[in-house]
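Below is one structure, written out as structure tokens, with a few remarks after it.
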Amino acid sequence: MLTNVTSQSANTRSINLRLPAALSVWRRPILGALSIWVVVRAVVVGWAVVVHAFQPTGVAYFSQPNWFYTLFFHWDSSYFEEIARTGYFAAGTPEKWQAFFPGYPLAARGFAALIWGPHLTTTRIEIALWLVSIVASAVAAALLWRLVEDRYGAKVAAGATALFLAGPYSLFLVASYSEALFIALAIGAWMAASRGHWLASGVLAAFASLTRINGLFLVAALAVLFISVQRKQGKPFLARTAALVGIGLSGLLSYFLYLFVMTGNPSAWTKAQSIGWHRALNWPWNTLMATIGQALFDPAPAWRLQGSMEIVFAILLVIATVVLIRRRLWAETVMVGLTALSMMTSTTYMSLARDSIVLFPLFILVATTLLQRRRRWIFWVTLALGCVMLLVNTHQFTLGQWTD
């Protein structure tokens, strides 16, 4: 009896020692990432408030009780709100709504139901969408810090997190959009795969693929990453990789199956993309020419600006893919390369620049220049230009002008 008690006491002490140790490795990622998150979010929200204050309608805008959580509620945000509230097939629902994956509106609806119960109003859904983005962006920042710190150290982790949170299109981590939720799930799945946890990686990837079409490219990259990790450790990988891929794609496939059952059309999602945004598979040179035409001749200045940015970011994605290949970072190459290829073979490059926010390997790649004295200028120039463009895009978006 005494032996058993002593053994249990020793086990308890061992658990108590391991628990603080496990928590301590998260102290810096949480505190460091949240510090940057708070500063950037305060600047973005503050700048948006200033922009509205100098508009002729500023007084009327700030007299609305919901102005704070609808400050970045524009464009796709209204689609997510309607989907969360009524679904895809209510009477009078536009077919183009089916182009938006259900992960984010489902999360918001669940969040709202948890807070207010089953009686969900438009206002409650809008607040829930806002809260999901807040929580997810903070979680994504902490996960990114931890992921990078494990491999490159705290300096690169801080740099990658700063680039992520203060990048040109990081306002979509503040807005009621699906990017924040997707990137939190994607980084979590990446961390799990890099540690050989195929089941956890697959489950997180499944929710990611239920949130954005980018989940397809994420799963492909996770498969490459998992195979690489398992081979280095001399472990079998074929069956577990197949399971990871199957589980990871289940979110996307379940949504496509749902659309097929409801519409009878196996390509319902593609049709919705075509109806709403005229997206279709195209030769890359035709896509480039169409985007150049938009950048030069679109009658709306906001569209010309974003068309120009699409071309700049397309060039940057190609350069980044080449660099990743040269460094033999195959999983990162797959994720960035497939995303670039899909966007550069559509009707135009529309939303290509915004998609850069979910490509976290890019932030890590640029942040690694901090380890090389002669190349640190790349990080600082990128961060400075990102901050300037973030303010420009925030100005455009908060006024309801097109921002990618």
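The values are calculated or read from the model by the stated rules, or taken from the named source; none is laboratory data. Quick caveat: nothing in here was measured; it's all calculated off a predicted structure. Quick reminder, even Gly has a Cβ in these numbers, built from the backbone with ideal geometry, and neighbours come from all protein chains shown.
Let me spell it out: the conditions are (1) surrounded by fewer than 16 Cβ atoms within 10 Å (Cβ to Cβ); (2) in a loop (DSSP other than H, G, I, E, B), and Thr347 meets all of them except one. Which number is the exception?
Here Thr347 meets the rest and fails (1).
Could you run through the stretch 250-281 and say how many residues are surrounded by 15 or more Cβ atoms within 10 Å (Cβ to Cβ) and in contact with a Ser or Thr (Cβ under 6 Å, 6 or more places away or on another chain)?
Residues flagged as surrounded by 15 or more Cβ atoms within 10 Å (Cβ to Cβ) and in contact with a Ser or Thr (Cβ under 6 Å, 6 or more places away or on another chain) within the stretch 250-281 amount to 3.
Can you confirm whether Trp380 is at pLDDT 95 or above, within 30 Å of Val49 (Cβ to Cβ), more than 21 Å from the chain's Cα centre (by Cα) and not small (Gly, Ala, Ser)?
yes
Looking at (1) farther than 29 Å from Phe80 by Cα; (2) out of contact with any Phe, Trp or Tyr (no Cβ under 6 Å at 6 or more places or on another chain), which one does Ala180 not meet, given that it meets all the others?
Only one criterion in (1) farther than 29 Å from Phe80 by Cα; (2) out of contact with any Phe, Trp or Tyr (no Cβ under 6 Å at 6 or more places or on another chain) is unmet by Ala180, namely (1).
What helices (runs of 4 or more DSSP H) completely inside the stretch 198-304 contain at least 2 residues that are closer than 17 Å to Thr345 by Cα and aliphatic (A, V, I, L, M)?
Per the criteria, 284-297.
Going by the structure shown, is Arg28 modelled with pLDDT of 90 or more and either farther than 20 Å from Gly167 by Cα or exposed (fewer than 11 other Cβ atoms within 10 Å of the Cβ) (or both)?
So Arg28 fails the test.
Would you tally the residues in the stretch 330-376 being in contact (Cβ under 8 Å) with a residue 40 or more places away in the chain, over 22 Å from Leu181 (Cβ atoms) and basic (Lys, Arg)?
0
Exactly one of these conditions fails for His278: (1) on the phi > 0 side of the Ramachandran plot; (2) modelled with pLDDT of 95 or more. Give me its number.
Unmet condition: (2).
For Ile115, are the conditions met, namely being over 13 Å from Val174 (Cα atoms), part of a helix (DSSP H, G or I), over 24 Å from the mean Cα position of the chain (by Cα) and β-branched (Val, Ile, Thr)?
Spelling it out, Ile115 is indeed over 13 Å from Val174 (Cα atoms), part of a helix (DSSP H, G or I), over 24 Å from the mean Cα position of the chain (by Cα) and β-branched (Val, Ile, Thr).
Go through (1) over 11 Å from the mean Cα position of the chain (by Cα); (2) in a helix (DSSP H, G or I) for Leu185 and report which single condition fails.
Among (1) over 11 Å from the mean Cα position of the chain (by Cα); (2) in a helix (DSSP H, G or I), Leu185 violates only (1).
Restricting attention to the stretch 350-368, which residues are more than 17 Å from Leu147 (Cα to Cα) and part of a helix (DSSP H, G or I)?
Across the stretch 350-368, the qualifying residues are Leu352, Ala353, Arg354, Asp355, Ser356.
Any idea which residue in the stretch 85-110 is modelled with the lowest pLDDT, counting only those that are in a helix (DSSP H, G or I) and of a type in the set (S, T, N, Q)?
Thr86
Limited to the stretch 348-370, what total is found for residues that are among the β-branched types (Val, Ile, Thr) and under 13 Å from the mean Cα position of the chain (by Cα)?
Adding up the residues that qualify gives 2.
Name, by its number, the condition in (1) surrounded by fewer than 23 Cβ atoms within 10 Å (Cβ to Cβ); (2) over 29 Å from Ala302 (Cα atoms); (3) of a type in the set (A, V, I, L, M) that does not hold for Ala108.
Exception for Ala108: condition (1).
Here is a check on your reading of the model: is Thr321 surrounded by 15 or more Cβ atoms within 10 Å (Cβ to Cβ), touching a residue at least 12 places away in the same chain (Cβ under 8 Å) and more than 17 Å from the chain's Cα centre (by Cα)?
Taking the combined requirement at face value, the residue satisfies it.
What pairs come up if the first residue lies in the stretch 264-280 and is farther than 14 Å from Met343 by Cβ and without any contact (Cβ under 8 Å) to a residue 12 or more places away in the chain, the second is among the aromatic types (Phe, Trp, Tyr) and surrounded by 14 or more Cβ atoms within 10 Å (Cβ to Cβ), and their beta carbons are under 6 Å apart, counting only those six or more places apart or on different chains?
Pairs that qualify, where the first residue is farther than 14 Å from Met343 by Cβ and without any contact (Cβ under 8 Å) to a residue 12 or more places away in the chain and the partner is among the aromatic types (Phe, Trp, Tyr) and surrounded by 14 or more Cβ atoms within 10 Å (Cβ to Cβ), are Pro266/Phe260.
Looking at the stretch 294-316, I want the residues that are in contact (Cβ under 8 Å) with a residue 12 or more places away in the chain and farther than 22 Å from Gly400 by Cα and have a partner that is of a type in the set (A, V, I, L, M) and outside any helix (DSSP H, G or I) with Cβ atoms under 8 Å, at least 6 apart or on another chain. Which pairs are those?
If the second residue must be of a type in the set (A, V, I, L, M) and outside any helix (DSSP H, G or I), the pairs left are Ala314/Met344.
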